[in-house]
Amino acid sequence: MKRSTVVHRAVLAVAAVTLAAGCVPEAAGSGGARTTPPSAPTTGSAAPAPTPSSATPGTDDKPSSPAPTTGTGTPEPTARILMDDGDESAQVRELQARLRQFGSFDRAPTGFYGKMTGAAVKAFQRKRELPTTGSVDEVTWRKLLAATREPTADELRPATTNTLDTPDPRCMTGRVMCISKESRTLAWMVDGKVVSSFDVRFGSENTPTREGEFKVEWKARDWTSTLYHTPMPYAMFFSRGQAVHYSSDFAARGYNGASHGCVNVRDKGKLAVLFDQVKVGDKVVVHW
């Protein structure tokens with residue numbers, strides 16, 4: 001074979017390898033995510049065996065903490081975590097109602113597992129001489145079930161006023177509607193002191209109430225939603241259409257319903273007084 005032919009074929013082979021290792025185009029509809037480019041071909045060695053994953057496919061259980069070991073080095077069994085900080089579910093609501101029966105949770109159940117619920121769980125664990133993790137594992141849950149009875153409908157969703165949350169630091173100066181998603185309360189505060197408080201509810205998962213620091217942009221004593229055509233009396237708007245306002249649905253159904261993103265208040269008389277006190281420009285803080 002001629003030397004020129006050999007060189008020509010070698011050039012073609014190098015070009016083919018270069019194209020195979022080039023960038024892969026974005027997948028359609030991937031939102032800009034790129035697929036993983038293929039590895040350059042290797043010769044003379046087998047491909048490395050994949051490392052097996054430690055996760056169990058088909059499960060969504062919360063991971064337990066690493067298992068402690070005995071003196072012989074054998075891992076001891078650990079209890080699976082059932083509920084933890086950030087969870088929101090009917091089971092969390094039942095947990096809170098049972099903790100309230102036990103005397104370690106002093107507010108109405110909300111269904112959200114936050115710092116106050118974690119503190120109540122720790123208090124229960126201490127009294128039962130369990131590890132004070134603040135998370136509900138299988139052992140903690142069994143102990144709580146044994147120490148309490150099944151909550152009634154009124155215990156799960158009581159009509160009593162919720163206990164106020166510890167104010168967010170942003171609420172400690174000036175005139176502020178301080179709104180806690182965890183305790184589901186609104187505290188009207190002036191220079192760090194609570195003037196009045198309200199039970200409130202928020203938007204659903206699909207239409208959440210925005211969190212952060214805002215200002216009252218405008219007010220309307222009688223307003224009807226232009227999107228949902230429902231009355232919004234004593235509306236105080238603070239974030240692109242979201243407002244604090246009275247809700248007859250909240251007054252009738254309580255926490256069985258949700259707003260479209262607004263902060264619903266169920267005590268119309270008290271809210272009417274607050275409406276007259278709040279000024280455009282006053283601060284609004286929505287926090288967990």
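The values are calculated or read from the model by the stated rules, or taken from the named source; none is laboratory data. On a predicted model such as this, the values are computed, not experimentally measured, just so you know. Please note: Cβ atoms are built from the backbone with ideal geometry, for glycine as well, and neighbour counts cover all protein chains shown.
Here are some notes:
- Complete set of residues in the range 157-174 that are assigned to a helix (DSSP H, G or I) and of a type outside the set (Lys, Arg): 169, 171
- Sub-6 Å Cβ pairs linking a first residue in the range 106-133 that is among the polar types (S, T, N, Q) to a second residue that is in a loop (DSSP other than H, G, I, E, B), at least 6 apart or interchain, are 110/184; 125/132, ordered by first then second residue.
- Yes/no for residue 161 being among the β-branched types (Val, Ile, Thr), closer than 30 Å to residue 100 by Cα and in contact with a Gly (Cβ under 7 Å, 6 or more places away or on another chain): no
- Any hit, the range 93-107, residues being of a type outside the set (D, E, K, R), outside any strand (DSSP E or B) and under 19 Å from the mean Cα position of the chain (by Cα): yes
- For the range 219-234, residues that are more than 29 Å from the chain's Cα centre (by Cα) and aromatic (Phe, Trp, Tyr) total 1.
- Residue satisfying condition, being assigned by TED's automatic domain parsing to the domain that holds residue 252, surrounded by fewer than 20 Cβ atoms within 10 Å (Cβ to Cβ), touching a His at 6+ places or on another chain (Cβ under 8 Å) and farther than 18 Å from residue 275 by Cα, within set 192, 203: 203
- Some residue of the range 199-218 being in a strand (DSSP E or B) and either over 27 Å from the mean Cα position of the chain (by Cα) or free of Cβ contacts under 8 Å to residues at least 24 places away in the same chain (or both): yes
Condition check ((1) within 24 Å of residue 265 (Cβ to Cβ); (2) over 19 Å from the mean Cα position of the chain (by Cα); (3) in a loop (DSSP other than H, G, I, E, B); (4) aromatic (Phe, Trp, Tyr)) across all residues:
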| residue | (1), (2), (3), (4) |
| --- | --- |
| 120 | no, no, no, no |
| 130 | no, yes, yes, no |
| 145 | no, yes, no, no |
| 155 | yes, yes, no, no |
| 176 | yes, yes, no, no |
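- Residue within the range 151-171 that is modelled with pLDDT of 95 or more and of a type in the set (A, V, I, L, M, F, W, C) present: yes
- Among all residues of the range 234-247, there is at least one that is part of a loop (DSSP other than H, G, I, E, B), modelled with pLDDT of 95 or more and surrounded by 22 or more Cβ atoms within 10 Å (Cβ to Cβ).
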